[in-house]
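Undergrad: Right, I'll just put the structure down here and ask away after.
The values are calculated or read from the model by the stated rules, or taken from the named source; none is laboratory data. Worth saying up front: this structure is predicted, and the values here are computed from it rather than measured. Heads up, the Cβs are rebuilt from the backbone with ideal geometry, glycines too, and the neighbour counts pull from every protein chain shown. Just the protein is used for accessible areas: all its heavy atoms, side chains included, with ligands, DNA and RNA removed. Shrake-Rupley method; radii C 1.70, N 1.55, O 1.52, S 1.80 Å.
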Amino acid sequence: RNFLDPILLELMIDPVVCADGHTYDRPSIEGWFNAGHTTSPLTGLELEMTHLFPCITLRNLIQTWRDEKGAAILAATRGT
């Protein structure tokens, strides 16, 4: 659940931290800003800035999880 983007509820690929302190998938939050929003999608509060900061540790954790999940699916498929 921590790997899901809070806007689209999909697995994040490029997690970034926003000024509200929450983590979003980059395309999701950029879409929010491009739609003209200047508030946090989670709190509704006005954001001081719309600059996004990469969350490299989370991106690496998600990639590791995806690799392991993919390997487990592949192993299960080969067993049938």
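Undergrad: State yes or no: is PRO41 more than 25 Å from THR64 (Cβ to Cβ), in contact with a Phe, Trp or Tyr (Cβ under 8 Å, 6 or more places away or on another chain) and either without any contact (Cβ under 8 Å) to a residue 12 or more places away in the chain or not charged (D, E, K, R) (or both)? Give the derivation first.
TA: Working: more than 25 Å from THR64 (Cβ to Cβ): yes; in contact with a Phe, Trp or Tyr (Cβ under 8 Å, 6 or more places away or on another chain): yes; either without any contact (Cβ under 8 Å) to a residue 12 or more places away in the chain or not charged (D, E, K, R) (or both): yes.
It is true that PRO41 is more than 25 Å from THR64 (Cβ to Cβ), in contact with a Phe, Trp or Tyr (Cβ under 8 Å, 6 or more places away or on another chain) and either without any contact (Cβ under 8 Å) to a residue 12 or more places away in the chain or not charged (D, E, K, R) (or both).
Undergrad: Looking at segment 33-56, is at least one residue touching a Leu at 6+ places or on another chain (Cβ under 8 Å), at pLDDT 95 or above, on the phi < 0 side of the Ramachandran plot and open to solvent by 60 Å² or more (accessible area, probe 1.4 Å)?
TA: Yes, because at least one residue in segment 33-56 is touching a Leu at 6+ places or on another chain (Cβ under 8 Å), at pLDDT 95 or above, on the phi < 0 side of the Ramachandran plot and open to solvent by 60 Å² or more (accessible area, probe 1.4 Å).
Undergrad: Give the residues of segment 37-60 that are of a type in the set (D, E, K, R) and under 18 Å from the mean Cα position of the chain (by Cα), sorted by residue number.
TA: Our first condition is that a residue be of a type in the set (D, E, K, R); within segment 37-60, this holds for 46, 48, 59.
Passing the criteria: only ARG59.
Undergrad: Which condition does THR64 not pass, out of (1) surrounded by 13 or more Cβ atoms within 10 Å (Cβ to Cβ); (2) modelled with pLDDT under 95, if it passes all the others?
TA: It is condition (1) that THR64 fails.
Undergrad: Follow-up. Determine if segment 2-12 includes at least one residue that is at pLDDT 95 or above and in contact with a His (Cβ under 7 Å, 6 or more places away or on another chain).
TA: Checked segment 2-12: at least one residue is at pLDDT 95 or above and in contact with a His (Cβ under 7 Å, 6 or more places away or on another chain).
Undergrad: Continuing with the same structure: May I ask you to say which residue of ILE7, ILE13 is open to solvent by 60 Å² or more (accessible area, probe 1.4 Å) and either part of a loop (DSSP other than H, G, I, E, B) or under 16 Å from LEU61 (Cβ atoms) (or both)? Lay out the reasoning, then the answer.
TA: Working: ILE7 fails: open to solvent by 60 Å² or more (accessible area, probe 1.4 Å).
It is ILE13.
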